[in-house]
Every structure is written in C-alpha cells, then in structure tokens.
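Structure record follows, encoded as structure tokens.
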Amino acid sequence: MNEKDPINSLNEIKSMMQKSSKFTSINGWSGIWAGFVGIISAAIAHFVILENSSNYSNYQEFSDLSTVKLKLILLGIATVIIAATGGFYFMIKKSSKDNIKFINPVTKRILKRFCFILFIGGIVCLLFIKNLNLLYFAPSTLLFYGLALFHVERDTITEIKYLAIAEIFLGLLAYYFIYNGLLFWLIGFGILHVVFGIWIILKYRNKA
C-alpha cells in the first residue's frame, strides 16, 4: 500500500465531515449577483421613485408619501426575490459541482435560523413603516440581515462572520445618520456583497 494512502484517506474523511456539518456551497458569484441587484435597486429607488416625488426634497415629510411607500415596498420585495433566485442558482450549481446534495439537514437548519431572524426584522420594518416613516427601514433591514448572517455563521464558511459584522455595523451607523439610509443600503446590500463575492472567488480559487 502506498504510504500516502492513509493521509489521503484522512483528508477525504475530514472533507466529508466538514461538508456534512457545514454549508459550504456559498458561491462568490452569489454575492456578486446579489450586490449588483442591490445597486440597481438603490439606483431605481433614488433616480426613479424618489426623484419623481414632489415632496422628496422635504425628507421629514416622507411619512406622508403613501404612494412612494408602496413603490419602495414593492421594489424591496422584487429585489429580495431576484437576488435570492440568482443566489440560490449559483449555490445549487456549486453544490452540484462539489457532488453535495443542496437540500440536506444543514441547509434546512440554516434556513430556519436565518429566516427566523429575517421574519422578526420584517415585522419590525412593517411596524416602522406603519407607525413612523421609511427613515428606519434601511437601518433595520441592514441590522437584521447582519444579525441573521451572524446567527448562522457557525454552520457555514468562516467569511460569513465578517460580512455579518460589517452589515450590523452599517445598520447601526445608518441609525445614527438617519437621513442617509439609502446610501447605507447601497453600501450594505450592493457594494459590500460585490466585494465579498470577489473576495470569496479569489480566496478559494487560490486555495484550489
């Protein structure tokens, strides 16, 4: 028997254990896709919806713009659907390439934990929209998204933790600079995802 066989066997066992205990199908292209969708969404919100609003210049009266609210909510829903669809496509493609079943106990556990935090965040955002105004929408979505990522970081690749911390930090910062929510939303959901995706692609390509 070749002397390297035991080492190769141990490496294969280690790899199989990691794949069975962690979600490793996160693809850098998923982040890039989500980032570009976020950037386009922010551009539409600023240049199409808000610029065409006659009262947008008076940001403090933003709570009275029911039509603008509806358009932004619909844009937000469309953004999530499109970003998630593309993200899942790239992750499923990576799972297939790595010969890993995409829907498995780890995936289900992550989705439950991730969606629970997002569900709570969604309720908070709706309450803000109903009772106050849209100023708290961007900070809240960033904060709860970051908390959801941080809640599942132990079950996936290590780099997710850094993305989660960055999103949480941006969310808190957006609460302080409350009138610049769309800018922070652009950075958090757009630029940050693109940078994260490129980082993942380069890092794991070099490892390969």
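The values are calculated or read from the model by the stated rules, or taken from the named source; none is laboratory data. It should be emphasised that the depicted structure is a prediction, and the values quoted were computed from it without experimental measurement. Note: ideal-geometry Cβ built from the backbone for every residue, glycine included; neighbour counts use all protein chains shown. Just so you know, the surface numbers come from the protein's heavy atoms only, side chains and all, with ligands and any DNA or RNA stripped out. Shrake-Rupley method; radii C 1.70, N 1.55, O 1.52, S 1.80 Å.
Structure values in brief
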| read-out | value |
| --- | --- |
| Answer residue from the stretch 199-208, given it is open to solvent by 80 Å² or more (accessible area, probe 1.4 Å) and assigned to a helix (DSSP H, G or I) and is modelled with the highest pLDDT among those | W199 |
| Number of the condition not met by T107 [criteria: (1) β-branched (V, I, T); (2) assigned to a helix (DSSP H, G or I); (3) in contact with a helix residue (DSSP H, G or I) (Cβ under 7 Å, 6 or more places away or on another chain)] | (3) |
| Residue in the stretch 95-113 that is modelled with pLDDT of 90 or more and either crowded, with 19+ Cβ neighbours inside 10 Å or in contact with a strand residue (DSSP E or B) (Cβ under 8 Å, 6 or more places away or on another chain) (or both) present | no |
| Residue within the stretch 154-172 that is hydroxyl-bearing (S, T, Y), under 21 Å from I73 (Cα atoms), open to solvent by 70 Å² or more (accessible area, probe 1.4 Å) and assigned to a helix (DSSP H, G or I) present | no |
| Filtered residues of the stretch 59-72 (kept if under 23 Å from the mean Cα position of the chain (by Cα), among the hydrophobic types (A, V, I, L, M, F, W, C) and either open to solvent by less than 80 Å² (accessible area, probe 1.4 Å) or at pLDDT below 75 (or both)) | L72 |
| Filtered residue count, the stretch 1-58, keeping only those that are of a type in the set (V, I, T), surrounded by 15 or more Cβ atoms within 10 Å (Cβ to Cβ) and either at pLDDT below 55 or outside any helix (DSSP H, G or I) (or both) | 2 |
| Residues satisfying the stated conditions in the stretch 73-85, i.e. within 12 Å of the chain's Cα centre (by Cα) and open to solvent by less than 30 Å² (accessible area, probe 1.4 Å) | T79, A83 |
| Inter-residue pairs, beta-carbon under 6 Å, first under 25 Å from G31 (Cβ atoms) and in the stretch 64-91, second at pLDDT below 90 and not in a helix (DSSP H, G or I), 6+ apart | F90/N27; M91/S25; M91/N27 |
